[in-house]
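Okay, so here's the structure we're looking at.
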Amino acid sequence: MSDQTLDSGEIRDVPLASALGERYLAYALSTIMARSLPDVRDGLKPVHRRLLYAMRQLKLDPKSGYKKSARVVGDVIGKYHPHGDQSVYDALVRLAQDFAVRFPLIDGQGNFGNIDGDNAAAMRYTEARLTRVAELMLADIDEDTVDFRPTYDGEEQEPVVLPGAFPNLLANGAQGIAVGMATAIPPHNVAELCAAITLLIAKPEATIDELVALVPGPDFPTGGLLVEPAESIREAYATGRGSFRIRARWHQEDTGRGTFAVVVTEIPYQVQKSRLIEKIAELIEQKKLPLLEDVRDESTDEVRVVLIPRSRTVEPEMLMEGLFKLSDLEVRAQLNMNVLDRGQTPRVMNLKEVLQAFVDHRIEVVVRRARHRLAEIVHRLEILGGYLIAYLNLDEVIRIIREEDQPKPALMARFGLTDVQAEAILNMRLRSLRKLEEFEIRKEYDALEKERTALEKLLAEPARQRKAVAQGIAEIAKEFGPETPLGKRRSQFAEAPQAIDLPSTAFIEREPITIVCSAKGWIRALKGHVEGDAELRFKEGDHGRFMIKAETTDKLILFATNGRFFTLGCDKLPGGRGHGDAVRLLVDLGNDQDIVALFVHRPGSKLLLAAGDGKGFIAAEDDVIAQTRAGKQVMTTGPGVEAVICKRVEGDHVAVIGENRKLLVFPLAEVPELARGRGVTLQKYKDGGLADVTVFTLATGLSWPYGTGIKTETNLTDWMGARGGAGRLAPRGFPKANRFS
């Protein structure tokens, strides 16, 4: 780089953070202002506004013919919106989709996509023109009702905002993601909006509750049932943030011989029907919907999704609750009224603020239109006044024009005319000199004077301005009223359904399985109940440790040496092919920890837990269920001590044997029940620690393996004692492994 370049300031030392910050801020502002957030006044983003204006310039009004979408897109990107043609066409397509927009702004001819999620045809194949709604949005735009600004290349002018006689922001809603903020406004019923706007005009101090009574909730183009509580809807409109719970509409159809089918006729807004059916089919295949046998799409122009239950005894409400929980037959429509206000500042508005912004904009449009018309009338009255003077002095006017070299100054001096009047007289055609024209001029003059007076009153009195806006709103309410096909409410309200307590196993098909876990912690689930003598293969150097008969709807409880419980769904265990998966991949079990017990959860049962130092307590089995893979810490072990026993409590006495072969028997009532802790001392040891514990019924006796059978001892007086004692040596014949089983 030359010294000249350095001296000219082409290279500057700027901190990287500062340079990045400035550029990112510029990008963020551009995204917020010119791409993602709608204007609160007309509810449009720049691309939509430019589309409508370009189509108006092409004279594509509702009564004219269609033009190719490619022609429209070409004009938009060439004159107003220098972005990709596909993005502009996508915006055009959305404005024409009656399932995406509640009140379409574009009338499309050709393939503009469908509710299944299929794309529209290429822009060279489709045609478009404006709808009546778009016509209302653009009404009076040539009468100085809004400001214009130069386009990106300075060759054209484009509107900053549209006059917007139609309450488009809430009627059609808006979606957008900017930088650090987003907007999500669902569509609403325009007749309800007009009622709320009329109330706000008549009563500016109207409360949110009064407005929500007139605008009870969104009205989606695809219908559905709003099951959100009224209090929640009111809160969402009061804050500008919230969500609405919407469900598919369904009914039960009798299919003969006691069987029935559930038919879905309306699906939630912005849910693709084809993807919805694919998801339901996947749930059936994965056996997560055991109540449902099949799903069929019988839709034509109207949605008809048929759900076939597995049996005639299935309750349709229970079936649908499962579908609502697991599929997009129920969704939440978000409300985040983050918009650009009149000063182009993004902020979240509540319902009243949005409606008031629309009213203020319409009042401004009415005032500017009146001023524009008043200026035209004043100009026309000036010309008509000159015409009347000319008719009253016709011969003299003709003489001056014929004889004077400079007739204009002469006319102005002779009759006291203005420059505009003199110019108009000189440009008058000879045919206009007939007598009848004078009467027409006087008639027009009087009519304009009357209109001028009315406009001056309108500009002077805010009450007249509000009345003019209210009249326009009343006309829209009549044109798009609830009795019209387009204005009729589509989304109905329903009581929020009472929560049906569905067990977690309601969506799992019940099948018998055999759970096999090896000594090294490899677990798998074999189909069916496999007998204990079946041949099972394990990894080299490994062998079987646990073999449990269960069902796919069961919960499997694992107790580890660190005193932590883990819970596994039996339906989620790896299949019987191969050696299974390591338990440590399914739960957070450390490599330095081992499995103490593995068993199927039995609700309502009690567990006796014990550590190697002889301490233990009873825990309720329902309380040890873990909700996460991290498990639940129930038994606290001391340094160097591990949990060694977890047995289900079935009896009235406890038998404890230590590694020193001393046996102690005491009542179960002496062991406390705890939710968590170290417990109490079950047996004291000088050397070694606890070997085994069992719970038994004293009347039945204490049993242990003896030779090839079982020996039961009923006379246990010598070993009876208080909890925490040392005990006495086990009876002759007790297993050398010091185990009760």
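Taking 18 Å as the straight-line reach from the Cα of K203, the aspartates and glutamates in range (excluding those fewer than 8 positions away in the same chain) are E192, E353, D360, E461. With a simple spin-label model that places each label point 7 Å from the Cα along the Cα-to-Cβ direction, the separation between A699 and A534 comes to 3.9 nm.
For a straight C-alpha distance cut-off of 28 angstrom, the lysines reachable from K450 (same-chain residues fewer than eight places away being disregarded) are K435, K467. Against the chain, whose longest principal axis is taken from its Cα atoms, helix 273-285 shows a tilt of about 10°.
In straight-distance terms, cross-link reach from K632 covers every one of the lysines whose alpha-carbon lies under 16 Å from its own, apart from those fewer than eight places away in the same chain; here that gives K555. If the viscosity is 0.692 mPa s and the temperature 37 °C, what Stokes-Einstein diffusion coefficient in µm²/s follows for segment 45-160 when Rh is the Kirkwood radius over Cα pairs? Taking Rh from Cα pairs, D becomes 229 µm²/s.
For segment 225-271, the normalised intensity computed at q = 0.15, 0.18, 0.23 Å⁻¹ comes to -0.56, -0.67, -0.83 (log10 of I(q)/I(0), Debye sum over alpha carbons, equal scatterers, no solvent). Convex hull volume of the Cα atoms of segment 646-707, normalised per residue: 107 Å³. Shown for the chain is the translational diffusion coefficient from the Stokes-Einstein equation, using the Kirkwood radius over Cα pairs, a temperature of 10 °C and a viscosity of 1.306 mPa s: 47 µm²/s.
Which whole-number percentage describes the relative contact order of segment 45-160, with Cα contacts under 8 Å and a sequence gap of 6 or more?
Contact order relative to length: 29 percent.
The label point for K527 and the one for T265, both projected 7 Å from the Cα toward the Cβ, are 4.2 nm apart. When you count the other C-beta atoms within 10 angstrom of each residue and take the mean per peptide, 726-737, 175-186, 121-132, 99-110 line up highest first as 99-110, 121-132, 175-186, 726-737.
How big is the gap, in Å, between the Cα center of segment 369-397 and the Cα center of segment 596-669? Here the answer is 106 Å between Cα centres.
Greater than 19 Å separation of Cα atoms is the criterion. Which listed pairs, K549/K615; K45/K68; K527/K572, meet it? In this structure, K549/K615; K45/K68 exceed 19 Å between Cα atoms. For segment 510-601, the convex hull drawn through the C-alpha positions has a volume of 88 cubic angstrom per residue. For segment 88-220, the alpha-carbon radius of gyration amounts to 1.24 times the rule-of-thumb value 2.2 N^0.38 Å expected for a compact globular protein. Helix 316-326 axis versus longest C-alpha principal axis of the chain: approximately 80°, rounded to the nearest ten. FRET efficiency for the N591 to I625 pair, using the beta carbon distance and R₀ = 25 Å, is estimated at 0.50. When S274, S741 are arranged by Cβ crowding within 10 Å, least crowded first, meaning fewest neighbours, the order is S741, S274. Computed from Cα atoms, the angle from the helix 435-460 axis to the main principal axis of the chain rounds to 40 degrees. Just so you know, the Rg over Rh for segment 249-328 is 0.93, from Cα atoms, with Rh as the Kirkwood radius. Using a cutoff of 8 angstrom between alpha carbon atoms and counting only pairs six or more residues apart, the relative contact order for segment 150-307 works out to 13 percent.
Counting only Cα atoms, segment 311-442 measures 106, 40, 22 Å along its principal axes, largest extent leading.
Working note: 222 nm ellipticity from helices only, DSSP H runs with n ≥ 4, each -39,500 (n - 2.57), summed and divided by the residues of the chain, gives -10000 deg cm²/dmol to the nearest 500.
Bear in mind these aren't lab numbers, they're just calculated from the coordinates by the rules spelled out. Since the model is a prediction, treat every value here as computed from it, not as a measurement. Backbone-built Cβ (ideal geometry, glycine too); neighbour counts: all protein chains shown.
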